[in-house]
Amino acid sequence: MFDDLKDKRILVTGASQGIGLAAALAFARSGARVGITSRSLDDNALRAMSHLRAISGDVEHFPGDLSQTPACEQLIERFVARFGGIDVLVNNAGGLVGRKQLPEIDDEFFSHVIDLNGRSALMVTKYALPYLIASAKGSGATTSVILVGSIAGYTGGGPGASLYAASKAWLHAVQKNWVNAHTRDGVRFNVVAPGTVDTAFHADKNETARAGINATIPMGRFATSEEMAPTFLFLASHACSGYITGQVINVNGGQYMP
Ligand code: NAP
């Protein structure tokens, strides 16, 4: 249906496992040149790289804690040094950090959650933006920034996940400003908002908890990471979504219908 991801330079943050890895593998299968990140080149990252290398020789891992701004800047410098520019950025790194109800939230926890989910996406996008604009100008096609939001951004999140949910709602909102500022530069911004995806994110849930969640999902089950990947391909591809920007695409099995 489309082949314009071939040879595109695509950065997927937080892709040593889960949703990010499934997206990175799908991009590599589409012929893209793919960079992934995680905090370190640990066993997960080594395994992810070996899966990616089985598909393509043109893949790279970039270590760094993206909740820290200098790491975001270095990531973009290293990615551009390796691939010569950026065509698609997927801001996927994120997570719950922990569960704390309002009386237990302190400054340290607040900063940790907001830095991981909000600051990281903003700073990586900020440093990538000149390259995304240059690529759009050079090619005549739009370039694409994809943020990973969440169903929690609508619902407020599960127990103790208020800051996580708020940080995802912040991502849903902040892109609207970027759309107004940078559409004329040829850059599109969209959010993929997953529902409940069977990854390490839900490792704290036993079978009873999972059955309770399944009952709230019309599809009756958690999604797989692989079921998220086609939406990333769609939003990355100018041929598929060149006129789509500023949207939140909900991939949630009907669990929430805004
Ligand atoms: P996951 O399996 O826990 O994977 C998270 C990835 O991010 C890992 O590669 C992890 O590697 C990396 N990461 C974590 N902290 C990082 C940091 N400070 N700097 C750089 N990389 C970091 O999570 P997932 O379920 O695939 O979630 C991916 C995204 O989808 C997240 O933004 C999450 O909030 C969102 N989401 C997930 C669900 C769900 O149900 N699973 C639902 C809605 C939204 P290291 O830990 O090795 O650094």
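Readers should treat all values here as calculations from the given coordinates under stated rules, not as data from a laboratory. What you see is a predicted model; the values in this text were computed from it and never measured. Neighbour counts run over all protein chains shown; Cβ positions are idealised from the backbone, glycine included.
Using the C-alpha atoms of the stretch 117-211, what convex hull volume per residue, in cubic angstrom, is computed?
Numbers: hull volume 10.1 nm³, N = 95.
So the per-residue Cα hull volume is 107 Å³.
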*Whole Å is fine, so just give me how far the alpha carbon centre of the stretch 123-145 lies from that of the stretch 193-237.*
30 Å
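Can you classify the chain as rounded, prolate or oblate using the Cα gyration tensor, where a ≥ b ≥ c are the square roots of its eigenvalues, rounded means a/c under 1.5, and otherwise it's prolate if a/b beats b/c and oblate if not?
Values: a/c = 1.44, a/b = 1.41, b/c = 1.02.
Verdict is rounded for the chain.
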*May I ask for the distance between the Cα centers of the stretch 1-26 and the stretch 29-58, given as a whole number of Å?*
10 Å
*Using 1/(1 + (r/R0)^6) with R0 = 41 angstrom and r between the beta carbons of L102 and Y243, what's the FRET efficiency to the nearest 0.05?*
0.45
_Taking amide H atoms as placed 1.01 Å from N in the peptide plane, list the residues 5 or more away in sequence, or in a different chain, whose amide H sits under 5 Å from that of A193._
G149, I249, N250, V251
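Work out, step by step, the length gained on full extension between R53 and K176: first 0.36 nm times the residue separation, then minus their alpha carbon distance; give nm to one decimal.
Values: separation 123, 0.36 × 123 = 44.28 nm, distance 3.58 nm.
The R53-K176 span can extend by a further 40.7 nm.
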*Could you give me the ³J(HN,Hα) list for the stretch 92-101, computed from phi with Karplus coefficients 6.51, -1.76, 1.60 and θ = phi - 60°, whole Hz, x at Gly and Pro?*
9, 4, x, x, 6, 6, x, 10, 9, 6
*asked:* Compute the helix-to-body angle for 69-83: its Cα long axis versus the longest principal axis of the chain, expressed 0 to 90° and rounded to tens.
replied: 40 degrees
*asked:* Need the full-extension length gain, S40 to K137, defined as separation in residues times 0.36 nm minus the C-alpha distance. One decimal, nm.
replied: 31.5 nm
*Starting from the Cα-Cα distance between Q68 and F2, subtract it from 0.36 nm times their residue separation and give me the gain in nm to one decimal.*
20.1 nm
_Which entries of K6/K137; K137/K168; K8/K126 have Cα-Cα distances beyond 27 Å here?_
K137/K168
*Using modelled backbone amide H atoms (1.01 Å from N, in-plane), which distant-in-sequence or interchain residues come within less than 5 Å of A223's amide H?*
T196, V197, D198
*asked:* Less than 10 Å Cβ to Cβ from R33, Lys/Arg counted +1 and Asp/Glu -1: what total charge do the surrounding residues give?
replied: 0
*Top mean-square fluctuation among F109, F27, F232, Gaussian network model of the chain, C-alpha springs under 10 Å?*
F109
